[in-house]
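See below for the structure under consideration.
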Amino acid sequence: MARVIVVTSGKGGVGKTTTSASFAAGLALRDFKTVVIDFDVGLRNLDLIMGCERRVVYDFVNVINGEANLNQALIKDKRLSNLYILPASQTRDKEALTHEGVEIVIEELKKRFDYIICDSPAGIEHGAHIAMYFADDALVTTNPEVSSVRDSDRILGLIASRSRRAINNEEPVQELLVLTRYDSERVERGDMLALDDVLEILGIPLLGVIPESQTVLLASNEGVPVILNERSDAGHAYADMVARYLGEERPHRFLTHRKNFLRRMFGG
Amino acid sequence: MSATTTTNPPEQSPQRAAFELKGSLFTLTIFYLQSSDLAVITQHLRDKIAQAPGFFCHAPVVIDLNDLHDPVDFTALVALLRQYQLIPVGIRHGSEAQSTAALAAGLPLLPKQRAVKRPDTAPEPQAPEKPLRKYTRTRVYSKPVRSGQQLYAPDGDLIIIGTVSGGAEVLAAGHVHVYGSLRGRALAGVHGDNHARIFCSSLEAELVSVAGNYRILEKPSDIAKLHQPVQIYLESERLMIRPLT
């Protein structure tokens, strides 16, 4: 049975789209048929991160309005044959995402794919609500910083009360924490919240800690999900995260600060 | 949170509200009506006044209809009572027909008293009525209360087994218990019960309030009490925070 996974956060700029792209690519690397949907209608970015912006002809809203069928709108990834992207419309607004329309599309995708990743827009309004409404699992993307943690807490409250599973009194949505942009050096200095602080406030299981890394920005600019960069810390962390999601045991890395080679040599 | 039940911090309401609503308990005189004959009532009232002139002195009274099953002309009765300086504020124990007539005459229905004991002599001024504790229903919630969530127990106590996050708000007519960290706002006794208390396993609250007396925790003396199990209650209008040990 296909699973619907929402990547959400409340706050903007914490790494939802980066996480969506890498998580989807990671599942596809493991031979699962995976589709990633951009719910950020009007501010679409997933196509850029996935490097398919020049191949967008029809989009999610076209499918909802019956102006195109799913096959026309789904973009096959250049690198991974199991990975598809359903881009958002850039010229419309979030109201174009109707409950009925989104439900029909998701039910259709469930027949064809193993995993459906929903990249939520920021905020708690209609766009974010509809992105999480049909979810079975939620990856709550959070930065180690108080405002991001509070917004994640808010989103968790909405998932627990307003998702389809909550409304139908089904088994609750599985909530998992993805702590992104974790800078262990700044945590040690006390500039950033430590992992334990975040876990204590949010009280949900940890799926992965993604270290702050220059390679993330680089990957975004190049349009390659960072998980495909074999020399990136963040890429490795995403690979671990996917493995943990699939039930493997992996120790959490990148939690402590490791002085780099030169600074170790010269005692910096 | 509704502005009707607590005093808002001044910085939250730049413009002062025109009014506030709060609950309170009063001792009222009960007027046990035993006859619907206005002439008889008038006679009795005259006798009472003759015994103690000026005794009633605009006293608010509640008309009790437990002993009377005849229809009553409430408009005339109200006029009569007012003439003798008694101000009827409501009725109780009326039959369905009596209650309808009373409402039509502008008299509200007051709740029934449990186990009605009627004194032998009719109106007994100053008979103290036991204040009824009207709320009883306790709400138990055993999930974390997330930022932006509001949990309200309008008729009784609120028990939360889990943390109350920053930006969340928990309110109760009675006590508030938090078996976890209290990081948001907690308001007990929102209908004005001075005896309501807040209990929590770890105090990290943004704001605490009992019966509209609120406090934000930013003074050094408050900060010393943070991260401790405490109870919060009113002592002569002052909000006290005491360790639970």
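Just so you know, all these numbers are worked out from the coordinates, no wet-lab data involved. Since the model is a prediction, treat every value here as computed from it, not as a measurement. Using ideal geometry, Cβ is built from the backbone for each residue, glycine included, and neighbour counts are taken over all protein chains shown.
Some points to look at:
- 3J(HN,Hα) couplings calculated from phi for the stretch A:247-256 with the Karplus curve 6.51 cos²θ - 1.76 cosθ + 1.60 (θ = phi - 60°) are, in sequence order, x, 7, 8, 9, x, 7, 9, 6, 8, 10 Hz; Gly and Pro show x.
- Most simply put, the stretch B:139-243 has about 35% antiparallel DSSP beta bridges, counting only bridges with both residues inside it.
- C-alpha long axis of helix A:233-245 to longest principal axis of chain A, angle in °: 60
- Per-selection Rg to Rh, the protein assembly as shown - Cα, Kirkwood hydrodynamic radius: 1.18
- Farthest positive-ward along chain A dipole, Cα basis, beta-carbon charges - from A:Ser120, A:Thr17, A:Asn62: A:Thr17
- About the Cα centre, charge dipole magnitude for the protein assembly as shown (Lys/Arg +1, Asp/Glu -1 at Cβ), debye: 740
- Bridge type composition, chain A - antiparallel percent by DSSP, nearest 5: 5
- Computed about its Cα centre, the charge dipole of chain A is approximately 720 debye, with only Lys, Arg, Asp and Glu carrying charge at their Cβ.
- Between B:Ser95 and B:Met240, the FRET efficiency from the beta-carbon distance, with R0 = 56 Å, is close to 0.70.
- Restraint check, A:Lys33/A:Lys78; A:Lys33/A:Lys76; A:Lys11/A:Lys33, Cα-Cα greater than 18 Å: A:Lys11/A:Lys33
- Looking at the protein assembly as shown alone, DSSP beta bridges between its own residues are antiparallel in about 20 percent of cases.
- Contact order normalised by residue count of the stretch A:59-166, Cα under 8 Å, 6+ apart, percent: 18
- The magnitude of the dipole of the stretch B:139-243, with charges of +1 and -1 set on the Cβ of Lys/Arg and Asp/Glu and taken from the Cα centre, is near 240 debye.
- All Cα pairs of chain A, percent lying beyond 33 Å: 17
- Considering only A:His257, A:His129, A:His99, the Gaussian network model of chain A with Cα springs below 10 Å gives its largest mean-square fluctuation to A:His257.
- Cα shape, the stretch B:139-243, gyration tensor, a/c 1.5 rule: oblate
- Considering only A:Asn45, A:Asn65, A:Asn168, the Gaussian network model of chain A with Cα springs below 10 Å gives its largest mean-square fluctuation to A:Asn168.
- Note on A:Glu125 and B:Gln228: their simple-model spin labels are 4.6 nm apart, each label 7 Å out from Cα toward Cβ.
- The mean number of partner chain beta-carbon atoms within 10 angstrom of a residue's beta-carbon across peptide B:25-38 is 0.
- Relative to the longest principal axis of the Cα atoms of chain A, the long axis of helix A:99-112 makes an angle of roughly 80 degrees.
- Helix A:16-29 and the longest principal axis of the C-alpha atoms of chain A enclose an angle of approximately 80°.
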